[in-house]
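The values are calculated or read from the model by the stated rules, or taken from the named source; none is laboratory data. It should be emphasised that the depicted structure is a prediction, and the values quoted were computed from it without experimental measurement. No Cβ is skipped: glycine too gets one built from the backbone with ideal geometry, and neighbour counts run over all protein chains shown. Just so you know, the surface numbers come from the protein's heavy atoms only, side chains and all, with ligands and any DNA or RNA stripped out. Shrake-Rupley method; radii C 1.70, N 1.55, O 1.52, S 1.80 Å.
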Amino acid sequence: MNRPSSIPVWEFSEMNTHHFGQEEIPPAIEESSPRFYICRLRDTVNKIKFPLPPHRKPMYDFLYVTQGSTKRGKALTKYEVKPHEFFFLPAYQITEHNYVSEDLDGFYCHFSLDIFAEWINPEQLLRKFPFLQFNGLPVVPVNENGRPRIFNLLECLETIQKENSRFDLAAAYLLSLFTEVQHNETGPELSTKDTSLRITELYKDALSRNIYENHLVSDYADMLHITPNHLNKCVKKAMGISAQELLNRMLLLEAKVLLRQTDKPISDIAYQLSKKNPSDFSRFFKSKMGTTPKEYRNS
(Lines give C-alpha, C1' and ligand atoms only; values in the text may rest on other atoms or scores of the structure.)
Protein backbone atom coordinates (compact mmCIF):
# COMPACT_ATOMS: atom_id res chain seq x y z
CA MET A 1 0.00 0.00 0.00
CA ASN A 2 1.39 3.41 -0.96
CA ARG A 3 0.85 5.90 1.83
CA PRO A 4 -1.36 8.91 1.03
CA SER A 5 0.21 12.11 2.32
CA SER A 6 -2.71 12.61 4.72
CA ILE A 7 -1.98 9.40 6.66
CA PRO A 8 0.32 9.91 9.65
CA VAL A 9 3.33 7.64 10.07
CA TRP A 10 6.00 7.68 12.76
CA GLU A 11 9.48 7.94 11.39
CA PHE A 12 12.17 5.69 12.81
CA SER A 13 13.42 7.96 15.60
CA GLU A 14 9.87 8.84 16.62
CA MET A 15 8.96 5.16 16.69
CA ASN A 16 11.83 4.41 19.08
CA THR A 17 10.77 7.19 21.44
CA HIS A 18 7.17 5.98 21.24
CA HIS A 19 8.18 2.44 22.17
CA PHE A 20 10.85 3.07 24.79
CA GLY A 21 10.67 6.68 25.95
CA GLN A 22 13.42 9.20 25.30
CA GLU A 23 15.64 8.01 28.15
CA GLU A 24 15.10 4.27 27.74
CA ILE A 25 16.05 3.50 24.12
CA PRO A 26 18.53 0.58 24.16
CA PRO A 27 21.80 1.43 22.35
CA ALA A 28 21.36 -1.42 19.85
CA ILE A 29 17.92 -0.06 18.87
CA GLU A 30 19.11 3.54 18.70
CA GLU A 31 21.98 2.58 16.39
CA SER A 32 19.91 0.29 14.16
CA SER A 33 18.59 1.08 10.70
CA PRO A 34 15.00 1.41 9.48
CA ARG A 35 16.06 -0.70 6.47
CA PHE A 36 16.79 -3.85 8.49
CA TYR A 37 16.98 -4.80 12.14
CA ILE A 38 16.47 -8.00 14.16
CA CYS A 39 16.69 -8.72 17.88
CA ARG A 40 15.60 -11.21 20.55
CA LEU A 41 12.29 -10.39 22.18
CA ARG A 42 13.68 -11.17 25.63
CA ASP A 43 16.24 -8.37 25.23
CA THR A 44 13.72 -5.63 24.41
CA VAL A 45 10.17 -6.29 25.62
CA ASN A 46 10.94 -5.49 29.25
CA LYS A 47 12.05 -2.00 28.15
CA ILE A 48 8.96 -1.19 26.07
CA LYS A 49 6.16 0.88 27.58
CA PHE A 50 3.11 -1.35 27.14
CA PRO A 51 0.39 -1.05 26.09
CA LEU A 52 1.37 0.67 22.84
CA PRO A 53 -1.55 2.72 21.43
CA PRO A 54 -2.59 2.48 17.75
CA HIS A 55 0.11 3.76 15.38
CA ARG A 56 1.63 3.33 11.93
CA LYS A 57 5.20 2.67 10.86
CA PRO A 58 6.90 3.09 7.45
CA MET A 59 8.56 -0.35 7.53
CA TYR A 60 7.41 -3.98 7.51
CA ASP A 61 7.91 -6.03 10.64
CA PHE A 62 7.34 -9.48 12.10
CA LEU A 63 7.48 -11.34 15.39
CA TYR A 64 8.32 -15.00 15.80
CA VAL A 65 7.37 -16.37 19.21
CA THR A 66 9.34 -19.29 20.66
CA GLN A 67 8.06 -19.03 24.24
CA GLY A 68 5.19 -17.26 26.01
CA SER A 69 2.59 -15.23 24.14
CA THR A 70 1.75 -11.70 23.06
CA LYS A 71 -1.33 -9.83 21.81
CA ARG A 72 -1.04 -7.51 18.86
CA GLY A 73 -3.51 -5.77 16.56
CA LYS A 74 -3.66 -5.35 12.81
CA ALA A 75 -6.21 -2.69 11.91
CA LEU A 76 -9.55 -3.77 13.43
CA THR A 77 -8.53 -7.27 14.51
CA LYS A 78 -6.54 -8.32 17.57
CA TYR A 79 -4.51 -11.53 17.59
CA GLU A 80 -2.82 -13.65 20.22
CA VAL A 81 0.54 -14.93 18.99
CA LYS A 82 1.68 -18.17 20.59
CA PRO A 83 4.84 -20.33 20.35
CA HIS A 84 5.94 -21.30 16.82
CA GLU A 85 3.77 -18.58 15.26
CA PHE A 86 4.73 -15.54 13.21
CA PHE A 87 2.91 -12.22 13.23
CA PHE A 88 3.55 -10.19 10.06
CA LEU A 89 2.65 -6.51 9.71
CA PRO A 90 2.92 -4.57 6.43
CA ALA A 91 4.10 -0.97 6.28
CA TYR A 92 1.47 1.74 6.88
CA GLN A 93 -1.00 -0.64 8.52
CA ILE A 94 -2.35 0.40 11.93
CA THR A 95 -1.11 -1.73 14.79
CA GLU A 96 -1.31 -1.73 18.56
CA HIS A 97 0.50 -3.93 21.06
CA ASN A 98 -1.47 -4.64 24.22
CA TYR A 99 0.13 -7.50 26.11
CA VAL A 100 3.26 -9.62 26.49
CA SER A 101 3.68 -12.53 28.88
CA GLU A 102 6.56 -12.37 31.36
CA ASP A 103 8.27 -15.34 29.70
CA LEU A 104 7.96 -14.03 26.12
CA ASP A 105 10.88 -14.92 23.86
CA GLY A 106 11.53 -15.14 20.16
CA PHE A 107 12.56 -12.64 17.51
CA TYR A 108 11.49 -9.20 16.30
CA CYS A 109 12.52 -7.97 12.85
CA HIS A 110 11.73 -4.93 10.72
CA PHE A 111 12.78 -4.21 7.16
CA SER A 112 12.04 -2.01 4.15
CA LEU A 113 11.24 -3.43 0.73
CA ASP A 114 14.09 -1.56 -0.96
CA ILE A 115 16.68 -3.98 0.46
CA PHE A 116 15.29 -6.66 -1.90
CA ALA A 117 15.98 -4.68 -5.09
CA GLU A 118 18.95 -6.90 -6.04
CA TRP A 119 16.91 -10.09 -5.65
CA ILE A 120 13.25 -9.46 -6.48
CA ASN A 121 10.84 -6.70 -7.45
CA PRO A 122 8.83 -5.56 -4.38
CA GLU A 123 5.51 -6.19 -6.15
CA GLN A 124 6.62 -9.74 -6.97
CA LEU A 125 7.68 -10.20 -3.36
CA LEU A 126 4.23 -9.24 -2.06
CA ARG A 127 2.46 -11.45 -4.61
CA LYS A 128 4.68 -14.39 -3.71
CA PHE A 129 4.16 -14.13 0.06
CA PRO A 130 0.53 -13.31 0.94
CA PHE A 131 1.29 -12.87 4.64
CA LEU A 132 3.20 -9.68 3.73
CA GLN A 133 0.20 -8.18 1.95
CA PHE A 134 -1.88 -5.36 3.41
CA ASN A 135 -4.93 -7.63 3.67
CA GLY A 136 -3.01 -10.84 4.38
CA LEU A 137 -3.64 -13.02 7.41
CA PRO A 138 -0.91 -11.90 9.83
CA VAL A 139 -0.61 -14.92 12.12
CA VAL A 140 1.21 -17.83 10.46
CA PRO A 141 1.82 -21.01 12.51
CA VAL A 142 4.67 -23.23 11.34
CA ASN A 143 4.77 -27.00 11.57
CA GLU A 144 7.27 -28.97 13.60
CA ASN A 145 9.36 -30.07 10.62
CA GLY A 146 10.14 -26.52 9.54
CA ARG A 147 10.91 -25.01 12.95
CA PRO A 148 14.64 -25.94 13.14
CA ARG A 149 15.39 -24.40 9.71
CA ILE A 150 13.35 -21.29 10.52
CA PHE A 151 15.13 -20.82 13.84
CA ASN A 152 18.50 -21.27 12.12
CA LEU A 153 17.66 -18.62 9.52
CA LEU A 154 16.61 -16.20 12.25
CA GLU A 155 19.90 -16.80 14.04
CA CYS A 156 21.78 -16.14 10.78
CA LEU A 157 19.91 -12.86 10.37
CA GLU A 158 20.80 -11.97 13.95
CA THR A 159 24.49 -12.62 13.17
CA ILE A 160 24.31 -10.41 10.07
CA GLN A 161 22.78 -7.66 12.20
CA LYS A 162 25.49 -7.90 14.85
CA GLU A 163 28.42 -8.14 12.45
CA ASN A 164 27.85 -5.72 9.64
CA SER A 165 24.17 -5.16 8.71
CA ARG A 166 24.80 -5.99 5.04
CA PHE A 167 21.38 -5.33 3.57
CA ASP A 168 21.88 -7.46 0.46
CA LEU A 169 22.80 -10.47 2.61
CA ALA A 170 19.93 -9.79 5.02
CA ALA A 171 17.54 -9.66 2.06
CA ALA A 172 18.76 -13.04 0.77
CA TYR A 173 18.23 -14.68 4.16
CA LEU A 174 14.83 -13.01 4.59
CA LEU A 175 13.73 -14.44 1.22
CA SER A 176 14.85 -17.88 2.37
CA LEU A 177 12.97 -17.39 5.65
CA PHE A 178 9.75 -16.32 3.92
CA THR A 179 9.98 -19.33 1.60
CA GLU A 180 10.37 -21.66 4.58
CA VAL A 181 7.44 -20.01 6.36
CA GLN A 182 5.22 -20.37 3.32
CA HIS A 183 6.26 -24.00 2.80
CA ASN A 184 5.71 -24.94 6.44
CA GLU A 185 2.69 -22.84 7.43
CA THR A 186 -0.23 -24.66 9.02
CA GLY A 187 -2.84 -21.88 9.24
CA PRO A 188 -6.30 -22.01 7.60
CA GLU A 189 -6.87 -20.41 4.24
CA LEU A 190 -9.38 -17.60 3.93
CA SER A 191 -11.18 -19.60 1.23
CA THR A 192 -12.24 -22.17 3.81
CA LYS A 193 -14.30 -19.58 5.70
CA ASP A 194 -18.00 -19.12 5.06
CA THR A 195 -19.32 -16.34 2.85
CA SER A 196 -20.29 -14.00 5.71
CA LEU A 197 -16.82 -14.13 7.22
CA ARG A 198 -15.11 -13.63 3.85
CA ILE A 199 -17.28 -10.59 3.09
CA THR A 200 -16.59 -9.20 6.56
CA GLU A 201 -12.83 -9.62 6.01
CA LEU A 202 -13.12 -7.78 2.69
CA TYR A 203 -15.15 -5.03 4.38
CA LYS A 204 -12.52 -4.63 7.10
CA ASP A 205 -9.79 -4.39 4.48
CA ALA A 206 -11.79 -1.78 2.55
CA LEU A 207 -12.26 0.22 5.75
CA SER A 208 -8.50 0.15 6.40
CA ARG A 209 -7.77 1.45 2.93
CA ASN A 210 -10.56 3.98 2.40
CA ILE A 211 -11.76 5.37 5.74
CA TYR A 212 -10.34 8.83 5.01
CA GLU A 213 -12.44 9.15 1.86
CA ASN A 214 -15.56 7.06 2.55
CA HIS A 215 -17.69 7.38 5.67
CA LEU A 216 -20.91 5.55 4.77
CA VAL A 217 -21.71 1.82 4.90
CA SER A 218 -23.36 2.20 1.50
CA ASP A 219 -20.01 3.36 0.01
CA TYR A 220 -18.38 0.09 1.08
CA ALA A 221 -21.31 -2.03 -0.03
CA ASP A 222 -20.88 -0.49 -3.49
CA MET A 223 -17.16 -1.37 -3.44
CA LEU A 224 -18.01 -4.98 -2.61
CA HIS A 225 -20.85 -5.08 -5.19
CA ILE A 226 -23.48 -6.03 -2.61
CA THR A 227 -26.38 -4.20 -0.97
CA PRO A 228 -25.91 -2.40 2.36
CA ASN A 229 -28.48 -4.76 3.88
CA HIS A 230 -26.54 -7.84 2.79
CA LEU A 231 -23.28 -6.35 4.07
CA ASN A 232 -24.91 -5.64 7.42
CA LYS A 233 -26.27 -9.21 7.67
CA CYS A 234 -22.81 -10.67 6.91
CA VAL A 235 -21.04 -8.51 9.50
CA LYS A 236 -23.77 -9.27 12.05
CA LYS A 237 -23.38 -13.02 11.48
CA ALA A 238 -19.58 -12.94 11.55
CA MET A 239 -19.00 -10.53 14.43
CA GLY A 240 -22.29 -9.95 16.22
CA ILE A 241 -22.23 -6.20 15.48
CA SER A 242 -23.60 -4.02 12.72
CA ALA A 243 -21.66 -2.84 9.68
CA GLN A 244 -22.05 0.71 11.02
CA GLU A 245 -20.50 -0.24 14.36
CA LEU A 246 -17.51 -1.77 12.56
CA LEU A 247 -17.14 1.43 10.54
CA ASN A 248 -17.31 3.41 13.80
CA ARG A 249 -14.52 1.26 15.25
CA MET A 250 -12.34 2.07 12.25
CA LEU A 251 -13.09 5.79 12.62
CA LEU A 252 -12.16 5.58 16.30
CA LEU A 253 -8.92 3.74 15.51
CA GLU A 254 -7.91 6.37 12.96
CA ALA A 255 -8.86 9.14 15.38
CA LYS A 256 -6.51 7.67 18.01
CA VAL A 257 -3.66 7.58 15.49
CA LEU A 258 -4.26 11.16 14.35
CA LEU A 259 -4.53 12.45 17.91
CA ARG A 260 -1.26 10.81 18.99
CA GLN A 261 0.83 10.94 15.81
CA THR A 262 -0.04 14.46 14.64
CA ASP A 263 -0.61 17.90 16.09
CA LYS A 264 -3.58 18.55 13.82
CA PRO A 265 -6.37 20.59 15.41
CA ILE A 266 -9.20 18.39 16.63
CA SER A 267 -11.58 20.30 14.36
CA ASP A 268 -9.49 19.24 11.33
CA ILE A 269 -9.47 15.61 12.50
CA ALA A 270 -13.24 15.69 12.97
CA TYR A 271 -13.76 16.89 9.41
CA GLN A 272 -11.13 14.62 7.87
CA LEU A 273 -12.59 11.46 9.37
CA SER A 274 -16.31 12.05 9.39
CA LYS A 275 -17.17 15.48 8.00
CA LYS A 276 -18.65 16.19 11.46
CA ASN A 277 -18.34 19.40 13.43
CA PRO A 278 -15.96 19.22 16.40
CA SER A 279 -18.66 18.97 19.05
CA ASP A 280 -20.34 16.01 17.33
CA PHE A 281 -16.98 14.31 16.87
CA SER A 282 -16.07 14.89 20.52
CA ARG A 283 -19.37 13.37 21.66
CA PHE A 284 -18.79 10.36 19.41
CA PHE A 285 -15.24 9.91 20.69
CA LYS A 286 -16.20 10.27 24.35
CA SER A 287 -19.12 7.83 23.97
CA LYS A 288 -16.65 5.17 22.78
CA MET A 289 -13.58 6.00 24.88
CA GLY A 290 -14.98 7.61 28.02
CA THR A 291 -12.65 10.57 27.48
CA THR A 292 -12.57 13.57 25.16
CA PRO A 293 -10.21 13.78 22.16
CA LYS A 294 -8.18 16.46 23.94
CA GLU A 295 -7.86 14.33 27.08
CA TYR A 296 -6.80 11.32 25.01
CA ARG A 297 -4.17 13.37 23.15
CA ASN A 298 -2.71 14.65 26.41
CA SER A 299 -2.77 11.34 28.30
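Descriptive notes on the structure:
- Extension gain, residue 9 to residue 152: 0.36 nm times the residue separation minus the Cα-Cα distance gives 48.2 nm.
- Dipole moment magnitude, nearest 20 debye, the chain about Cα centre, only Lys, Arg, Asp, Glu C-beta charged: 1160
- Against the rule of thumb 2.2 N^0.38 Å, how large the Cα Rg of the chain comes out: 1.03
- Residue 49-residue 127 pseudo-label distance in nm [points 7 Å out on the Cα-to-Cβ vector]: 4.4
- Built amide H within the under 5 Å cut-off of residue 92, gap 5+: 57, 59
- Residue 186 versus residue 236: modelled label distance in nm, points set 7 Å from Cα along the beta carbon direction: 3.8
- Working note: Cα atoms of region 179-260, range along each principal axis, descending, whole Å: 40, 35, 22.
- Residue among 167, 146, 265 farthest towards the positive dipole end of the chain, charges placed on Cβ: 265
- Taking Cα atoms only, the orientation of helix 278-289 departs from the longest principal axis of the chain by about 60 degrees.
- Each peptide in 133-143, 276-286, 42-52 receives the mean, over its residues, of other Cβ atoms within 10 Å, and ordering these scores from highest gives 133-143, 276-286, 42-52.
- Taking 0.36 nm per residue of separation and subtracting the current Cα-Cα distance, fully stretching the chain between residue 299 and residue 264 would add 11.0 nm.
- For residue 126, the accessible surface of its heavy atoms amounts to roughly 40 Å² (probe 1.4 Å, protein chains only, rounded to the nearest 10).
- In nm, spacing of pseudo-spin labels at residue 287 and residue 117 (7 Å Cα→C-beta vector): 5.0
- Considering only 215, 183, 110, the Gaussian network model of the chain with Cα springs below 10 Å gives its largest mean-square fluctuation to 183.
- When the Cα positions of 282, 246, 176 are compared along the charge dipole of region 144-299, 282 comes out farthest toward the positive end, with charges on each C-beta of Lys, Arg, Asp and Glu.
- Calculated on alpha-carbon atoms, Rg and Dmax of region 105-255 in Å: 19.3, 58
- If R0 is 35 Å, the Cβ-Cβ spacing of residue 33 and residue 223 corresponds to a FRET efficiency of close to 0.40.
- Protein heavy-atom accessible surface, 1.4 Å probe, per residue over the chain: 47 Å².
- Short-range pairs are left out: with C-alpha atoms under 8 Å and at least six residues apart, the relative contact order of the chain is 15 percent.
- Nearest-ten-degree value, helix 195-210 long axis tilted from longest Cα axis of the chain: 90
- Karplus (6.51, -1.76, 1.60) ³J(HN,Hα), θ = phi - 60°, over region 168-173, in Hz, Gly and Pro reported as x: 5, 6, 4, 4, 5, 5
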